[in-house]
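Reviewing the structure listed below.
The values are calculated or read from the model by the stated rules, or taken from the named source; none is laboratory data. Keep in mind that this is a model prediction, so the values were computed, not measured. Please note: Cβ atoms are built from the backbone with ideal geometry, for glycine as well, and neighbour counts cover all protein chains shown. Note: accessible area is taken over every heavy atom of the protein model, side chains too, but ligands, DNA and RNA are not part of it. Shrake-Rupley method; radii C 1.70, N 1.55, O 1.52, S 1.80 Å.
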Amino acid sequence: MLDLNMNEEESHMQDESEIIDLIKRYEHMIESGDPHFFDVEEFEIMIGHFLGFNDLKQAQKVLQYASSLFPESLTLQLREAQILASIGKHIKAISRLKTLLAFEPHNHEIHLTLASIYSKMSEHHLAINHFNKALLTSEVELKPEIIQDIALEYENLGEWRKAIELLKKCLRIDTSYESALFELAFCYDQINDIKSAITFFEKYLDHKPYSTLGWYNLGNSYHRLGSLKKAINAYDFSIAIDTTYLRAYIQKAEALTTCENFREALEVYDEI
């Protein structure tokens, strides 16, 4: 699921050392009492950093100080709602977020935060509703992840075919978004349609022949179908592309064991 603790401003501060320096300046100001100016964006960056490391206590401290300086800031109010959600105060967080929507109805981050909360509350239809609203106004690079999040909600509802449709859409938008491949394999397994999974992964590999995860998932599909030689061949391609991908070695060894090629299986285990 999308990391809601990384806001747009923080994403522009790519160098972690810059964030650490910012936090050090803030901490020095608090300890020494020397006045120092920080703008709203810098406070957001610090809050996002602490939330990213699940340091809610520090995030709350920075938020409290920042809010005393910028009480009208909607983005700081959004961070407050995210902190409330992180400590399990979902109803209170939802109330704050709905108030914010009255001012910024098309703010995709507010919708994503609401979607995340509703997902945790198992209110999957409400989560889908807000994910879809976020999708309309989000940056292009976020769309594949949001679409996958919607697919996950449909998985939670047991609507596997709808999830498959969305995961395919996700990969059409960005073929490199390979985490969707595992979800697709899982969904096909749930509807017991391994042949369709094989067809999909073969077509995917026609376009992305050097995909480690593509070959690995194709191998798993053949493995489930009982086509062990084809599974081993697919695992070999996965290993050839990435010699450090341990899952492919393990699955290959298991396939060899099923074929009673115990010596070869042991050799594969020795390579790990």
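Check Lys61 against each of (1) closer than 30 Å to Leu126 by Cα; (2) open to solvent by 50 Å² or more (accessible area, probe 1.4 Å); (3) charged (D, E, K, R) and name the one condition it does not meet.
(1)
Among the candidates Ala180, Ala248, which residue alone is assigned to a helix (DSSP H, G or I) and either free of Cβ contacts under 8 Å to residues at least 24 places away in the same chain or within 30 Å of Val140 (Cβ to Cβ) (or both)? Break it down stepwise before answering.
Details: Ala248 fails: either free of Cβ contacts under 8 Å to residues at least 24 places away in the same chain or within 30 Å of Val140 (Cβ to Cβ) (or both).
After applying the criteria, what remains is Ala180.
For the stretch 251-272, what are the residues that are farther than 28 Å from Lys208 by Cα, in a helix (DSSP H, G or I) and acidic (Asp, Glu)?
Passing the criteria: Glu264, Glu267, Asp270.
In the stretch 226-241, which residue that is in contact (Cβ under 8 Å) with a residue 24 or more places away in the chain and open to solvent by less than 50 Å² (accessible area, probe 1.4 Å) is farthest from Tyr210 (Cα to Cα)?
Once the filter is applied, the top-ranked residue is Leu228.
Conditions tested, residue by residue: (1) within 22 Å of the chain's Cα centre (by Cα); (2) crowded, with 16+ Cβ neighbours inside 10 Å.
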site	(1), (2)
Gln82	yes, yes
Ser86	yes, yes
Thr99	no, no
His111	yes, yes
Ile117	yes, yes
Lys120	yes, no
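Considering only the stretch 13-58, state which residues are in a helix (DSSP H, G or I), open to solvent by less than 30 Å² (accessible area, probe 1.4 Å) and in contact with a Lys or Arg (Cβ under 9 Å, 6 or more places away or on another chain).
Once the filter is applied, which keeps residues that are in a helix (DSSP H, G or I), open to solvent by less than 30 Å² (accessible area, probe 1.4 Å) and in contact with a Lys or Arg (Cβ under 9 Å, 6 or more places away or on another chain), the stretch 13-58 yields Phe43, Glu44, Ile47, Gly48, Phe50, Leu51.
Based on this model, can you work out whether Tyr249 counts as over 28 Å from Glu155 (Cα atoms) and modelled with pLDDT of 95 or more? First the steps, then the outcome.
Numbers: over 28 Å from Glu155 (Cα atoms): yes; modelled with pLDDT of 95 or more: yes.
Yes.
Restricting to the stretch 124-141, name every residue that is surrounded by fewer than 16 Cβ atoms within 10 Å (Cβ to Cβ) and not polar (S, T, N, Q).
Selection gives His125, Leu136, Glu139, Val140, Glu141.
Return yes when Pro71 is of a type outside the set (Lys, Arg) and within 30 Å of Ile128 (Cβ to Cβ) and no when it is not. Quick ask: steps written out before the conclusion?
Values: of a type outside the set (Lys, Arg): yes; within 30 Å of Ile128 (Cβ to Cβ): no.
For Pro71, the condition - of a type outside the set (Lys, Arg) and within 30 Å of Ile128 (Cβ to Cβ) - is not met.
Does the stretch 226-245 hold any residues that are under 19 Å from Phe201 (Cα atoms) and not in a helix (DSSP H, G or I), and which are they? Can you show your working first?
Initial filter on the stretch 226-245 (under 19 Å from Phe201 (Cα atoms)): 226-242, 245.
Gly226, Ser227, Asp242, Tyr245, listed by residue number.
Are any of the residues in the stretch 144-157 in a helix (DSSP H, G or I), within 30 Å of Ile241 (Cα to Cα), without any contact (Cβ under 8 Å) to a residue 24 or more places away in the chain and open to solvent by less than 20 Å² (accessible area, probe 1.4 Å)? Steps first, please.
Looking only at the stretch 144-157, we keep the residues that are in a helix (DSSP H, G or I), and these are 144-156.
Remaining after also requiring within 30 Å of Ile241 (Cα to Cα): 144-149, 151-152.
Then drop every residue that is not without any contact (Cβ under 8 Å) to a residue 24 or more places away in the chain, which leaves none.
Looking through the stretch 144-157, none of the residues is in a helix (DSSP H, G or I), within 30 Å of Ile241 (Cα to Cα), without any contact (Cβ under 8 Å) to a residue 24 or more places away in the chain and open to solvent by less than 20 Å² (accessible area, probe 1.4 Å).
Give me the residue from the stretch 171-190 that is among the hydrophobic types (A, V, I, L, M, F, W, C) and over 18 Å from Thr212 (Cα atoms) and, out of that set, surrounded by the most Cβ atoms within 10 Å (Cβ to Cβ). Steps first, answer last, please.
First pass over the stretch 171-190, keeping only residues among the hydrophobic types (A, V, I, L, M, F, W, C): 171, 173, 180-182, 184-187.
Going one step further and asking which of them are over 18 Å from Thr212 (Cα atoms), we end up with 173, 187.
On the way: Ile173: 14, Cys187: 23.
Among those that are among the hydrophobic types (A, V, I, L, M, F, W, C) and over 18 Å from Thr212 (Cα atoms), it is Cys187.
For the structure I just gave you, tell me whether Ser122 is in a helix (DSSP H, G or I), farther than 22 Å from Arg172 by Cβ and hydroxyl-bearing (Ser, Thr, Tyr).
no
So which residues in the stretch 213-264 are within 23 Å of Ser176 (Cβ to Cβ), among the aliphatic types (A, V, I, L, M) and in contact with a Gly (Cβ under 6 Å, 6 or more places away or on another chain), if there are any at all? Break it down into steps so the answer makes sense when it comes.
In the first step, residues of the stretch 213-264 are kept if they are within 23 Å of Ser176 (Cβ to Cβ); the result is 213-221, 234-248, 251.
With among the aliphatic types (A, V, I, L, M) added as a condition, the list becomes 213, 218, 234, 239-241, 246, 248.
Passing the criteria: only Ala234.
With respect to Ile164, is the statement that it is closer than 22 Å to Lys143 by Cβ and modelled with pLDDT of 95 or more true? Can you show your working first?
Numbers: closer than 22 Å to Lys143 by Cβ: yes; modelled with pLDDT of 95 or more: yes.
Yes; evaluated as a whole, the condition is true for this residue.
Quick check: anything in the stretch 183-204 under 16 Å from the mean Cα position of the chain (by Cα) and either assigned to a helix (DSSP H, G or I) or closer than 24 Å to Leu126 by Cβ (or both)?
Pass one, the stretch 183-204, residues under 16 Å from the mean Cα position of the chain (by Cα): 183-184.
Adding the requirement that they be either assigned to a helix (DSSP H, G or I) or closer than 24 Å to Leu126 by Cβ (or both) leaves 183-184.
Yes, the stretch 183-204 contains at least one residue that is under 16 Å from the mean Cα position of the chain (by Cα) and either assigned to a helix (DSSP H, G or I) or closer than 24 Å to Leu126 by Cβ (or both).
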